[in-house]
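Step one of this worksheet: look at the structure below.
The values are calculated or read from the model by the stated rules, or taken from the named source; none is laboratory data. Bear in mind that the values here come from a model prediction, so they are computed numbers and not experimental data. Because the Cβ atoms are built from the backbone with ideal geometry, glycine has one as well, and the counts that use them run over all protein chains shown.
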């Protein structure tokens, strides 16, 4: 069953068409990766889905409801949760307060405090909970933001390059974290460059190229597709 | 509820802070017993402005919205009080006039805020639009000298200002002198406590998060525009409260209370005090108003120049505010001293335990 259905979506910025007539379906319960070379339109498509950009044409459905005209907060209230490309945390607030802001609509009192502790421990941030979020390392800020996104217990977790700036160990741990949440029934849409990470988490993959869908299918099918290797890695690497 | 008095958004917590708070409050309450009535009236006068400073602190320091137009709402409620008090016949109806004039200022804030916030105006442009609105009102009121400019029996009177309204009155008792002073103290305590609870509540969490990163706050499912509007309306309502109290205190109001020099004053008070903390703003604004009032007796120009110098010094030397900076120094010093005192005690305990074993 489709949780997200993107139908014929295009986005033009003046004379530049960043996304052109894209159809994308993300099924409930899967980890779906959106990949493509630089400038393919991945981040633009991501921002169209979360509502940061209005599409020039086309429609976006979430759980069979047309959300094309809805603002980001309304999409989040429907069950989406978002982690942006650059770490986007409340830098002048303590780490714990960052998590509190994310949790307070869903939980209160002792329940909230228990969930705070659980998330801080899960993200290896318990010892730094009283530090300002801006004082954390880049990788820790990435995890904090993932934690804030998870705190909403979303139906759909949207991650834009969640491992940017992370060490290989941190990247692997993030992959395992995503897989564990997916095992609990959460649908995940990931925009990612790192193919090792994609191999670790993806069940289905969509390849964007020059703003259009270039290929889609299972992880194995995409990995074996020579044309994908050609556009993604360059001809010399493909042969 | 009381838990909200102490929280991450406010400096000062625990028994020592609240003991100091009660001691200062007790001093304020017994002050009229020892001071002459002129000084008490003067104190009441500059306490009137504290509400506007606290409102701006909420909007600018906590909400990230620098409004240069607090005197717009001050003027609306000030003139509103005059118009209502004159037309409603004075006496006890002045209490209703006070409340209604603040409500009118809040409605004006709701309308202006809606167009600005929903229109995506933020940052420096927020200050420019609010300042422009203030200047428009000041210039408009300045040209209302003719007899045709009246609302009911209330004449606006151009630059000469509106006069003839009753002071706040209950029955036949005029709230003036010491009574007005005690009313100011009571209102300041209520507003200060209420604002502390607001900023330390879950709503306050979102207000501060929106200041830090509005996009992230929206991505957590909050319609940040509603929180910004709420902050703007509350802050403007407090400016309105100052305006209505000012008119009832002096029984007059002129456009100069709204114009550019008046509009700049709350910015100086809050910037100097420390916009990120209510207590720093309360203390700092009180000190500045007291100083300003004292110097004004000798030279108003000198007082204005001092305000300008203080603003420059704040921007260049203590952008987070002098009073807040000193408050943090005291808290740090106190924490270090406690740690130092506790360290030998812990060492003694450890030594005793090792001796026992």
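Values computed for the structure shown
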| read-out | value |
| --- | --- |
| Options B:33, B:54; residue that is in contact (Cβ under 8 Å) with a residue 40 or more places away in the chain and part of a helix (DSSP H, G or I) | B:54 |
| Some residue of region A:156-171 being facing chain B (nearest Cβ under 9 Å), surrounded by 22 or more Cβ atoms within 10 Å (Cβ to Cβ) and either modelled with pLDDT of 90 or more or closer than 25 Å to residue B:201 by Cα (or both) | no |
| Condition met for residue B:219 (within 14 Å of another protein chain (Cβ to nearest Cβ) and touching a strand residue (DSSP E or B) at 6+ places or on another chain (Cβ under 7 Å)) | yes |
| Residue list for region B:161-204, restricted to those being within 14 Å of chain A (Cβ to nearest Cβ) and either touching a residue at least 24 places away in the same chain (Cβ under 8 Å) or outside any helix (DSSP H, G or I) (or both) | B:199, B:200, B:201, B:203, B:204 |
| Criterion (surrounded by fewer than 21 Cβ atoms within 10 Å (Cβ to Cβ), touching a residue at least 12 places away in the same chain (Cβ under 8 Å) and at positive phi) met by exactly one of B:12, B:89, B:41 | B:12 |
| Flag for residue A:123 being closer than 14 Å to residue A:146 by Cβ, more than 8 Å from chain B (Cβ to nearest Cβ) and crowded, with 16+ Cβ neighbours inside 10 Å | yes |
| Qualifying positions in region A:93-113 - in contact (Cβ under 8 Å) with a residue 40 or more places away in the chain and more than 7 Å from chain B (Cβ to nearest Cβ) | A:95, A:98, A:99, A:103, A:106 |
| Filter result for residue B:110 (modelled with pLDDT under 95 and surrounded by fewer than 19 Cβ atoms within 10 Å (Cβ to Cβ)) | no |
| Which numbered condition residue A:190 fails, given (1) in a strand (DSSP E or B); (2) more than 18 Å from the chain's Cα centre (by Cα) | (2) |
| The lone exception for residue A:140 - which of (1) more than 8 Å from every other protein chain (Cβ to nearest Cβ); (2) in a helix (DSSP H, G or I); (3) modelled with pLDDT of 90 or more it fails | (3) |
| Meets criteria (over 30 Å from residue A:92 (Cα atoms) and loosely packed, with under 15 Cβ neighbours inside 10 Å) for residue B:33 | yes |
| So residue B:84, is it within 26 Å of residue B:168 (Cα to Cα) and surrounded by 13 or more Cβ atoms within 10 Å (Cβ to Cβ) | yes |
| Count of residues meeting criterion [in a helix (DSSP H, G or I) and closer than 23 Å to residue A:152 by Cβ] in region A:193-212 | 2 |
| Sole exception among (1) at pLDDT 90 or above; (2) touching a strand residue (DSSP E or B) at 6+ places or on another chain (Cβ under 9 Å) for residue A:85, by number | (1) |
| Some residue of region A:70-92 being more than 27 Å from residue A:184 (Cα to Cα), surrounded by 23 or more Cβ atoms within 10 Å (Cβ to Cβ) and within 11 Å of chain B (Cβ to nearest Cβ) | yes |
| Matching residues, region A:22-67, being in contact with a helix residue (DSSP H, G or I) (Cβ under 8 Å, 6 or more places away or on another chain) and closer than 19 Å to residue A:195 by Cβ | A:30, A:31, A:33, A:34, A:35, A:36, A:37 |
| Residue ranges of helices (runs of 4 or more DSSP H) in region A:1-120 with at least 3 members over 22 Å from residue B:226 (Cβ atoms) | A:42-50, A:95-103 |
| Filter result (facing another protein chain (nearest Cβ under 7 Å) and assigned to a helix (DSSP H, G or I)) within region B:205-216 | B:205, B:206, B:208, B:209, B:212, B:215, B:216 |
| Breaking point among (1) away from chain A (no Cβ under 14 Å); (2) more than 29 Å from residue B:317 (Cβ to Cβ); (3) outside any helix (DSSP H, G or I), for residue B:244 | (3) |
| Matching option when the condition is out of contact with any helix residue (DSSP H, G or I) (no Cβ under 9 Å at 6 or more places or on another chain), surrounded by 15 or more Cβ atoms within 10 Å (Cβ to Cβ), part of a helix (DSSP H, G or I) and in contact (Cβ under 8 Å) with a residue 40 or more places away in the chain, among B:95, B:76 | B:95 |
| Residues (facing chain A (nearest Cβ under 7 Å) and surrounded by 21 or more Cβ atoms within 10 Å (Cβ to Cβ)) located in region B:222-241 | B:222 |
| Residue that is modelled with pLDDT under 90 and under 21 Å from the mean Cα position of the chain (by Cα), where the choices are B:6, B:36 | B:6 |
| Which listed residue, of B:324, B:282, B:312, is in a helix (DSSP H, G or I), modelled with pLDDT of 85 or more and within 19 Å of residue B:47 (Cα to Cα) | B:282 |
